[in-house]
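Have a look at the structure below, then the notes.
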Amino acid sequence: MLIKEFRVVLPITVEEYQVGQLFSVAEASKNETGGGEGIEVIKNEPFDNKSLLGGKYTKGQYTYKIYHLESKVPTFIRLLAPKGALAIHEEAWNAYPYCRTVLTNPDYMAGNFTLCIETMHAPDNGSQENVHELPPEKLKIREVDFIDIAADPVLPKVSTPREGDS
């Protein structure tokens, strides 16, 4: 098992980030959907019975989406990929400031692929040592990377213009 923790220090408050996160998710869904491609929203509903982070969070918004990636990969990969290999299923429980996202590929990899992303949005500089409350055996194997989006350099080929940039 790989446990990787990214501590991303933001130049905004967690409240400002929450607004931006909701906007970005809505925009991505809108821009990537259509014609059977992109993001298919299966469920989008409140939840109030899921125990997250040891029961600290139990209410929020649940979404179940399928990402259809066929048009996002080169043609030769589409030709080689078995049926279902390019459909990623996402279940997400947003109990802001805590979120859990689970990605699977049930149509091809069945139970052999699970990616769990747990996110805690904390109003600090990334200094909390165990924000996810991991047990000692998981803390031993956890790797931590600090990312400063305001100061870390971005490769020019990765950077793309945003709406409103001139």
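Derivation of every value follows stated rules applied to the coordinates shown; laboratory data play no part. Since this is a predicted model, take the numbers as computed values, not measurements. Every residue, glycine as well, gets a Cβ built from its backbone with ideal geometry; the counts of neighbours run over all protein chains shown.
Which residue fluctuates the most in the chain, going by a Gaussian network model with Cα springs under 10 Å, if the choices are 32, 137, 16?
137
³J(HN,Hα) across the stretch 46-56 via Karplus (A = 6.51, B = -1.76, C = 1.60, θ = phi - 60°), whole Hz, x for Gly/Pro?
x, 10, 8, 9, 9, 8, 10, 6, x, x, 5
Projected onto the charge dipole of the stretch 76-156 (+1 at Lys/Arg Cβ, -1 at Asp/Glu Cβ, origin at the Cα centre), which of 151, 111, 92 gives the Cα projection farthest towards the positive end?
111
Can you compute the helix-only [θ] at 222 nm over the chain? Use -39500 (n - 2.57) per DSSP H run of at least 4 residues, normalise by all residues, nearest 500 deg cm²/dmol.
One gets -5500 deg cm²/dmol as the mean residue ellipticity at 222 nm.
Of 30/72; 30/50; 65/138; 4/138, which sit over 18 Å apart, Cα to Cα?
In this structure, 30/50; 65/138 lie more than 18 Å apart at Cα.
Can you list, largest first and rounded to whole Å, the semi-axes you get for the stretch 10-124 by taking the square root of 5 times each eigenvalue of its Cα gyration tensor?
They are 28, 17, 13 Å, listed largest first.
Which loop-located chymotrypsin sites (Phe, Trp or Tyr not before Pro) does the stretch 62-166 contain, where loop means any DSSP state but H, G, I, E or B and the Cβ has at most 13 other Cβ atoms within 10 Å?
Listed in order of number, the matching sites are 113.
Rounded to whole Hz and in sequence order, give me ³J(HN,Hα) for the stretch 61-67 from the Karplus expression 6.51 cos²θ - 1.76 cosθ + 1.60, θ = phi - 60°, writing x for Gly and Pro.
So the Karplus estimates, Gly and Pro as x, are 10, 9, 10, 10, 10, 10, 9 Hz.
I want to check the label-to-label distance for residue 40 and residue 70. Put each point 7 Å from Cα in the C-beta direction and report it in nm to one decimal.
1.0 nm
Would you please give the residues with an amide H less than 5 Å from that of residue 7, counting only those at least 5 places away or on a separate chain, with H modeled from the backbone geometry?
145, 146, 147
Give me the net charge for the shell around residue 45: Cβ to Cβ below 13 angstrom, other residues only, Lys and Arg +1, Asp and Glu -1.
Cβ neighbours under 13 Å give a net charge of +2.
Which value in nm describes the separation of the simple spin-label points at residue 53 and residue 143, placed 7 Å from the Cα toward the beta carbon?
In this crude label model, residue 53 to residue 143 measures out at 2.5 nm.
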